[in-house]
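All remarks here apply to the structure that follows.
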Amino acid sequence: MNLLRHLLAVLLLAFCGAPASSEQGSRLRDANVRESGAALSSTGVASASGVTSPKGAPVPPSGGAHAAADQALPELVLEIKGHKLTAEVAATEPQRATGLMYRRMLPENRGMLFVFPYAAPQSFWMMNTYVPLSIAFLDDTGTIVNIADMKPLTTNSHTSTKPAKYALEMNQGWFAKRGIKAGARVEGITRAPEPR
């Protein structure tokens, strides 16, 4: 079944005219985002979604969205203003593209940390994501730039107000309930795996 999903993803990418290199793909997808209004990060991924084709249509990540969702991700214990949490770490492009897609619940004090190769404007959407989330965009020092609430199963853009190297998704309201706002620092971020 995974082989069939992979072949389907390859065919979709070929049909949609995806560029040969990942860097070219990111630039092309970013240009298409501006034209279509879809929300993607600077690397061409959107949390809990897939990348888009040059025409703006969703394309599942290589191997199928469920394949990446089924893989165990590394975990990292983080702390913000004395509040500990455990975050799964999405450090590869397929992991970042899949994010929290298809999950029906997220335990309290658990979330997902997205690690990008460099600080840049990041943008996320909630396609195929069933859990209401809050996202904190973090600069390269782990300081929160801004926080946004995201409604499930939408393609509305939620964008960092400044360049962000990390994004942390938690259950909606998690940051607000703890009085965590922009300017707070996330401790433990330096132990995150290097992005690939």
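A short reminder: the numbers here are calculations on the coordinates, not readings from a lab. Quick caveat: nothing in here was measured; it's all calculated off a predicted structure. Glycine also receives a Cβ, built like all others from the backbone with ideal geometry; neighbour counts cover every protein chain displayed.
Give me the extension gain from R185 to R110: residue separation times 0.36 nm, minus the current Cα-Cα distance, reported in nm with one decimal.
Numbers: separation 75, 0.36 × 75 = 27.00 nm, distance 1.74 nm.
Once the chain is fully extended between R185 and R110, it gains 25.3 nm.
Each residue, Y130 and T155, gets one label point 7 Å from its Cα in the Cβ direction; the gap between the two is 2.2 nm.
Taking other C-beta atoms within 10 Å as the exposure proxy, E93, E79, E108, E88 rank E108, E79, E88, E93 from fewest upward.
Return the equivalent ellipsoid semi-axes of region 70-191 as a descending list in whole Å, where each equals the square root of 5 times an eigenvalue of the C-alpha gyration tensor.
Values: eigenvalues 68, 49, 47 Å².
Square roots of five times the eigenvalues give 18, 16, 15 Å.
Where nothing but the Cβ of Lys and Arg (+1) and of Asp and Glu (-1) is charged, how large is the charge dipole of region 70-191 around its Cα centre, in debye to the nearest 20?
Values: 14 positive and 11 negative charges, 68 e Å.
So the magnitude is around 320 debye.
When ranked by the protection proxy of mean other Cβ atoms within 10 Å per residue, highest first, what sequence do the peptides 157-167, 124-134 form?
Values: 157-167: 20.6, 124-134: 22.4.
Descending mean neighbour count gives 124-134, 157-167.
Segment K81..T141, full-extension length gain: 20.1 nm, with 0.36 nm per residue of separation and the alpha-carbon distance subtracted. Positive-end ranking of F175, P132, S160 along the dipole of region 70-191, with charges on Cβ about the Cα centre, is headed by F175.
Please arrange T143, T86 by counting, for each residue, the other beta carbons lying within 10 Å of its beta carbon, fewest first.
Details: T143 18, T86 13.
If I rank by nearby Cβ atoms, fewest first, I get T86, T143.
Candidate cross-link partners of K81 among the lysines, defined by an alpha-carbon separation under 22 Å and a same-chain spacing of 8 or more, comprise K162, K165, K177, K181.
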